[in-house]
1. Test Lys49 against the criterion of being in contact with a helix residue (DSSP H, G or I) (Cβ under 9 Å, 6 or more places away or on another chain), exposed (fewer than 10 other Cβ atoms within 10 Å of the Cβ) and modelled with pLDDT under 95, and give yes or no.
2. Kindly establish whether Asn169 is surrounded by 10 or more Cβ atoms within 10 Å (Cβ to Cβ), at pLDDT 75 or above and in a helix (DSSP H, G or I).
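The values are calculated or read from the model by the stated rules, or taken from the named source; none is laboratory data. What you see is a predicted model; the values in this text were computed from it and never measured. Here the Cβ positions follow ideal geometry from the backbone for every residue, glycine too, while neighbour counts run over all protein chains shown.
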Amino acid sequence: MNLKTKDAILNLLAERAPNFVNESVIRSRLAKYKEDAINEAIEELVSTKRIEKEIDERKEIGRPVQYYRFKSLENIPIRDTIKVGAVEIPRILSWASHRFFPEDYNETVERLAEYTESLEKRFSDLVKEEQRKYWARIISVFGVFVSILSFVIVGLPKIQTDPSLSFWNIFLFNLAQILPLAALLALFIIVLRIVIR
C-alpha cells in the first residue's frame, strides 16, 4: 500500500512540476489513501531526497504550511498549459520571472472568463432548444386531441349506412365524405408542429 501511496504522490508532484505543492492539496487529491500512509510516504520520499520540503512560516497567523516538489527535475516533463474543457491556458510556473507573471495571470483569467461565457451560452441555447421541443410536443398532443374531437363531432354524423349497398360501397361513400375533414385536420397538426419548431 505504501508503494501505491508513494507513486500517487510522485505522479501528483510530476503533474505540478516545477512548482511546490501545498500539503493540503496532496491530502485532498489523495483522499482515498489513509492519512498515516500519506505521512509515511512523504517522510520516506523526503528522507531519500526524491522530493524536497519547504515551509511557509505564516508567522502572522501562526499556522505554517509545508510544500513539496521534486528535488531534481531531470526526466520530468514540464507542462506549459492547463486544459479547461477545450481551452488551454498557460500554467504559472515558479521559476518564471516576476516581470512576466502579470500577463500570464491575465491571460489565464481572460481564457477562463471566455470559457465560462461560452458555457453559459451553450447552456442557454440548450435550455431554449429543450423548451422548444417541449412546447412542440404539447401543441402536437393538443392538436391531435382537437382533431380527434372535431372528427368525432363533425365526421360521425355524416356516416350513413344503407342495407341495400355492399360493405365496400358504404365504406367508400363514407370515406369520400370524411376524407376532406381528415386531410384538413392532418394539415392543421403538421402546420402546428412546423410553427412551433
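1. Criteria not met by Lys49.
2. Numbers: surrounded by 10 or more Cβ atoms within 10 Å (Cβ to Cβ): yes; at pLDDT 75 or above: yes; in a helix (DSSP H, G or I): yes.
It is true that Asn169 is surrounded by 10 or more Cβ atoms within 10 Å (Cβ to Cβ), at pLDDT 75 or above and in a helix (DSSP H, G or I).
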